[in-house]
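Enquirer: First the structure, which I've put down as structure tokens, then a few questions once you've had a look.
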Amino acid sequence: MIKKICIVLLIFSTNGAAMIIDDLNNNRANWSAISDNVMGGVSEVNAYEIDDGSIKFYRLEGSVSTKNNGGFIQIRTGVNFNSNEFNGVRIKIRGNNNEYYVNLRRPRMMPWNYYSAKFFATEDWQVIDLPLSSFIYSRNSDIALGSTRINSLAIVAYGKDCLLYTSPSPRDRG
């Protein structure tokens, strides 16, 4: 079964300020596709940039496998913002009626540590706001993100076996 998800990413604040992460035109992020292979897992991942004529997007494809203590694929980019300057992450998304995660990392965090917020991707386009206060620390859910520098943002499929392709789409032209 093939699963799919399309995403638009934006960091936002209540005062109307926003930081565009990637619009596939003037503002470009350096995205990397990463799987659990980095820790001995067997999940597979590929990422592509696609322009179908009506919308540009990134497609993250792969299979998530929990074999060998694995279970994730992601597309990740470096960012540079202070969490006290923004209120959250806004995503415009359509997908496969499944849950996914946005992960944030601070400088000097170990690769297995992150702050995460879950979202559900339906088959229709929707805008979801993930307040920074909703991001939970992977090692201890009682530790909030707080005021800190953020240097990494990822879209993640995690924790259950599945075959999917995701399409993070920073700019919907339609």
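Enquirer: Show the residues, 5+ positions off or on another chain, whose built amide H is closer than 5 Å to the amide H of ASN87.
Expert: Correct list: PHE12, SER13, THR14.
Enquirer: Please give the FRET efficiency for ASN37 paired with SER138, using the beta carbon to beta carbon distance and R0 = 25 Å, rounded to the nearest 0.05.
Expert: After rounding, the FRET efficiency stands at 0.85.
Enquirer: Want the number for ASN46 to LYS160: 0.36 nm per residue separation, take away the alpha-carbon distance, what's left?
Expert: Roughly 39.2 nm would be gained on extension.
Enquirer: What's the extension gain from ARG108 to ARG90 if we count 0.36 nm per residue and subtract their Cα-Cα distance?
Expert: In short, 4.0 nm is gained.
Enquirer: Also: Once the piece of chain linking ASP129 and ASN30 is laid out straight, how much longer is it, given 0.36 nm per residue of separation minus the C-alpha distance between them?
Expert: Value of the extension gain: 33.3 nm.
Enquirer: Which whole-angstrom value gives the distance between the alpha carbon centres of segment 26-43 and segment 136-158?
Expert: Centre-to-centre distance over Cα atoms comes out at 17 Å.
Enquirer: Hey, with R₀ at 30 Å, roughly what FRET efficiency would THR148 and SER63 work out to, going by the Cβ-Cβ distance, to 0.05?
Expert: 0.35
Values quoted throughout were computed directly from the atomic coordinates according to the rules given, and no laboratory measurement underlies them. These figures come from a predicted structure and were not determined experimentally. Heads up, the Cβs are rebuilt from the backbone with ideal geometry, glycines too, and the neighbour counts pull from every protein chain shown.
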